[in-house]
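Okay, structure first, notes after.
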Amino acid sequence: MPPAIQTLTDKLYQIRHLWAVISFALGLSSYFLVERQPWLAAVLTGFLVLSWLLLLTEGLWQRRLAGTAMEGMSQGLLKLLLQAVHQEAFFFSLPFVLLQWSGGAEYIFFTTLVISAALVSIIDPLYFWLARHRALYFGFHAWALFVALLVLLPLIFHWSTDAALTWAGWLTALFALPSFWRFGGPRKWFRWLGLLAVSCVIAFAPRWLAPLVPPLTLSLEERAMALSFNREQRQPLVTGKVFDEAEVAAGLYAYTAIKAPLGLGQEVFHYWFRNGEQVDRIPLTVYGGRESGFRTWSHKSHIPQPAAGHWRVEVRTKDRQIIGVMRFTITP
């Protein structure tokens, strides 16, 4: 290998973990600077598609480089490139996972998986052990693609989080299918059927497990329960967390300001619960691009009697992904 190319490879290897820091900073800025999100997301999408094509065509272009000065360098550069892309995918998405997590127990498993994968991408002994096991490595890449798509599809195409969840599953299965088919050479018909079943599980699992996956591009910036509401200024009045039955006789307002990407429009729902039992579901529409969130509210004009008890209003998507919760108490 020429000395100049070897020096370049060594330098890239020395700064390989810096990309994770840059990725996290880009994701953080994308979260707070909504007008920059589509540009940043498009760059990450290009990296993901390029890396997946390189991974799928690895055997082809390595045969072409066989016997040349680039042969020894190609494997190392590919690993560095893929590691950088994995760091970019996970650390770009990580601020959305952490900052927009509602804190509900439903998202603990998903959040743990994303954090664990992000750590694996920067811990070389774990990452390169994973890279030696091709099936696991393709699965790891598929997980990086799925997590990134949950963020990228709403940012770039302004799809709702419900549509993004569906398409993230299908696109991940579509890309993963030829990857898994490469392993192990010729197979009997039932093995091919098994691989097809695995791909179907990848495609449909997000729909089955939707309540366990956070809507990464939606977050609850403000919330309040109020006895009255200024509709012109969209501001709650006389707010609180404890009300008595006499106060709520004329009804109660649930106010939320939901942050969403620029250009996105989506239906959400306010689910009203009393002592754990659902008493109402009110549909609302939010639009993205406002830094402090799109302000909307639901008004429950009829509070069922007796009203006393522990209440909560859950803000959820059409797929019942939870955005946030408001809890309050009504006393006798």
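Every read-out reported here was derived from the displayed coordinates using simple, explicitly stated rules and does not represent laboratory data. These figures come from a predicted structure and were not determined experimentally. Cβ coordinates were reconstructed from backbone atoms using ideal geometry, including for glycine residues, and neighbour counts include every protein chain displayed.
Annotations
- Footprinting exposure proxy ranking of R231, R281, R274, fewest other C-beta atoms within 10 angstrom first, gives R231, R281, R274.
- Amide H to amide H distances under 5 Å link F243 with T329, I330, T331, where only residues 5 or more positions off or on other chains count and H is placed in the peptide plane.
- Take each peptide in 249-255, 140-146, count the other Cβ atoms within 10 Å of every residue, and average; sorted highest first, the result is 140-146, 249-255.
- Listed by Cβ neighbour count within 10 Å, with the fewest neighbours leading, L99, L150, L193 appear as L193, L99, L150.
- Sequentially through the range 309-326, phi angles give Karplus couplings (6.51, -1.76, 1.60; θ = phi - 60°) of x, 8, 10, 8, 10, 9, 9, 9, 7, 4, 8, 6, 6, 7, 9, x, 9, 10 Hz, Gly and Pro residues having no value and appearing as x.
- Simple label model, 7 Å out from Cα along Cβ direction - R132 to L80, nm: 2.2
- Rounded FRET efficiency, nearest 0.05, which uses the C-beta distance separating V242 from N275 and R0 of 22 Å: 0.90
- About the Cα centre, charge dipole magnitude for the range 219-331 (Lys/Arg +1, Asp/Glu -1 at Cβ), debye: 220
- Taking the number of Cβ atoms within 10 Å of each Cβ as an exposure proxy, the fewest-first ranking of T296, T317 is T296, T317.
- Under the simplified labelling scheme, the I123-E221 pair shows an inter-label distance of 3.7 nm, with each label point 7 Å from Cα along Cα→Cβ.
- Label zone at H299, where the point sits 7 Å out along the Cα-to-Cβ direction: the range 220-240 residues whose backbone N lies under 20 Å: 223-240
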